[in-house]
Amino acid sequence: MADMTSFLVLGLEALGVTLTAAGAGVAGIVLGILLIRVLAGTTIRQANSERDRILEDARRQAETIGEKAELEAEKKALDRREKMEAEFASTRDELKENERRLTKREDNHDRKMDALILKERHLDSRARDIEKRERQLAQQQTEIEELVEQQREKLRHIADMTADQARDELLRRVEDESRTEVNALAMKIYQEAEEESKSRSRELVLSAIQRYAGEFAVESTVRSIQIPSDDMKGRIIGREGRNIRAIERATGVDVMVDDTPGLISVSCFDKVRQTIAVEALQKLVEDGRVHPTRIEEVVQNVTNDVHERIVRHGKEAATEAKIRGLHPKVIEAVGKLYFRTSFGQNILQHSIEVAYLSQIIADQLGLDGTLARRCGFLHDIGKAMDHDMEGGHPKIGMDFCTKFGERDEVLNAIGGHHADIPSTSPYTPIVMAADAVSGARPGARRESMEHYIQRLEQLESIAMEHQGVQEAYAVQAGREVRVILDAGKASDSDAFGMARSIAQRVSEEMTFPGEIKVTVIRETRAIEVAS
């Protein structure tokens, strides 16, 4: 702008020198036009520059506003997504809770259905009994009518009899009565002989039980581990269940995880493997570090510890039973019996109990008590390995002990204590008797409720099928059945024969530990009412 002004000044000075006064006006006009054009061009350039600046500012503001709008939209979308995820999580938790409640209701429904089924079976059995009794009553009514008619015929016959005929009839009746007395006498002699034959054996058994009583432990095939939190439960499971698979692979058990909070179950028929898995899981829970490498390390440490305990249990049991000279492999097998049960009875404690019972019986019979104790102690050793080998535990145990030089009497007791092979020594039946006493004593073994109820029902049903039975009750936890006879339809001799018949059927048709006592009751009650 300053250069342009200087140029105009110089131009004016030149014109002022050269032009005349007459041309001064024209020059001024020309100069004005030039000045206007110069000023107009400058203003246009300034306006263009200002326009470009304004457009640039507008563009920048538009970009800023667009970015802010985009950020605001992203923020709103993120907030909405978080809100939806929270709603989904709440809905999912609610669905899980509903599913748990439904599962619980289904379980309650199943239990109620089982109870109803049992009641229905009981009612059906009672209905059959009532129907049977109705048939019996109808039959008895018919028999009574026939007896009345026979008595009438006899009275008519007696009325027409001579003296000789009356004497013969009297002799015949005396003969029948005598025969009944002979049967009663024979029954008495038989009972006395049976009691006498049982007296000595009962004395031996009672003496053995009084001198030794063993304790036993009850374990189940499924054990549960307490988990402190769901987070720890998730770590035990691992990503896609890899930690659970590592535990199952390392221990050989089945690990069951369900919706039950704070519990993981371990299932296995081998008690040694189950114990290793349970203790390993407990250590992993306490430690908090759960991954496949750590799992293998903990399982190996627990396996070594359990093996040491097995050997210690075997040595302690041999010391308690006073058994000497056992091979280390035999001691290890005996120690494994600590983890085995049969109907709830611990096999190792059962073996110690049978050992002492066998010794007491052998001492009473004048045999070698030490050898009998050894036979009883090792009789169930096959159960330490029967889940890994084919065949029954008597044969497995006999083959196992044969490798380590046990005596023939011991081998025969092991292989024949369930009558799988013939007895070749007196110690085998001694072990069989001690084994039966140990398993049959009250409290030694338990059985499932369903099997127990079925056994009681079958026991009562067998008794009720006999003629003249009014009622039958299984008592003493199924160890005795009491049968009530109709005194008008059965004699004392009939009661004795019925007791033997029921006992024989129970022995042939039922499977049970120990023995079942059959008590038949026949009585006559005279009732009058004073008014």
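I'm checking my understanding of the structure. Among residues of the stretch 373-403 that are small (Gly, Ala, Ser) and free of Cβ contacts under 8 Å to residues at least 40 places away in the same chain, which one is surrounded by the most Cβ atoms within 10 Å (Cβ to Cβ)?
Taking the candidates together, the pick is Gly397.
Any residue that is under 22 Å from Glu248 (Cα atoms), part of a helix (DSSP H, G or I) and of a type in the set (A, V, I, L, M) - is there at least one of those in the stretch 286-296? Talk me through it step by step, then tell me what you get.
Step one: of the stretch 286-296, the residues under 22 Å from Glu248 (Cα atoms) are 286-296.
Right, trim to part of a helix (DSSP H, G or I) and you get 286-287, 292-296.
If we keep only those that are of a type in the set (A, V, I, L, M) as well, we get 295.
Yes, the stretch 286-296 has at least one match.
Would the stretch 227-234 turn up any residue that is surrounded by 15 or more Cβ atoms within 10 Å (Cβ to Cβ), modelled with pLDDT of 75 or more and within 30 Å of Val334 (Cα to Cα)?
No, the stretch 227-234 contains no residue that is surrounded by 15 or more Cβ atoms within 10 Å (Cβ to Cβ), modelled with pLDDT of 75 or more and within 30 Å of Val334 (Cα to Cα).
For (1) closer than 30 Å to Arg101 by Cα; (2) surrounded by 15 or more Cβ atoms within 10 Å (Cβ to Cβ), each residue gets a yes or a no:
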residue	(1), (2)
Thr251	no, yes
Gly262	yes, no
Arg273	no, yes
Ile276	no, yes
Gly288	no, no
Ile295	no, yes
Val302	no, yes
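Would you confirm whether any residue within the stretch 320-328 is assigned to a helix (DSSP H, G or I), under 24 Å from Arg273 (Cβ atoms), assigned by TED's automatic domain parsing to the domain that holds Met432 and in contact with a His (Cβ under 6 Å, 6 or more places away or on another chain)?
Checked against the condition, which is being assigned to a helix (DSSP H, G or I), under 24 Å from Arg273 (Cβ atoms), assigned by TED's automatic domain parsing to the domain that holds Met432 and in contact with a His (Cβ under 6 Å, 6 or more places away or on another chain), the stretch 320-328 yields no hits at all.
Tell me whether the stretch 485-500 contains one or more residues that are part of a strand (DSSP E or B), at pLDDT below 80 and within 24 Å of Ile144 (Cα to Cα). Full working, then the answer.
First pass over the stretch 485-500, keeping only residues part of a strand (DSSP E or B): 485-486.
Applying the additional criterion that residues be at pLDDT below 80 yields none.
Checked against the condition, which is being part of a strand (DSSP E or B), at pLDDT below 80 and within 24 Å of Ile144 (Cα to Cα), the stretch 485-500 yields no hits at all.
The values are calculated or read from the model by the stated rules, or taken from the named source; none is laboratory data. For clarity, every value in this text was computed on a predicted model and none was experimentally measured. Note: ideal-geometry Cβ built from the backbone for every residue, glycine included; neighbour counts use all protein chains shown.
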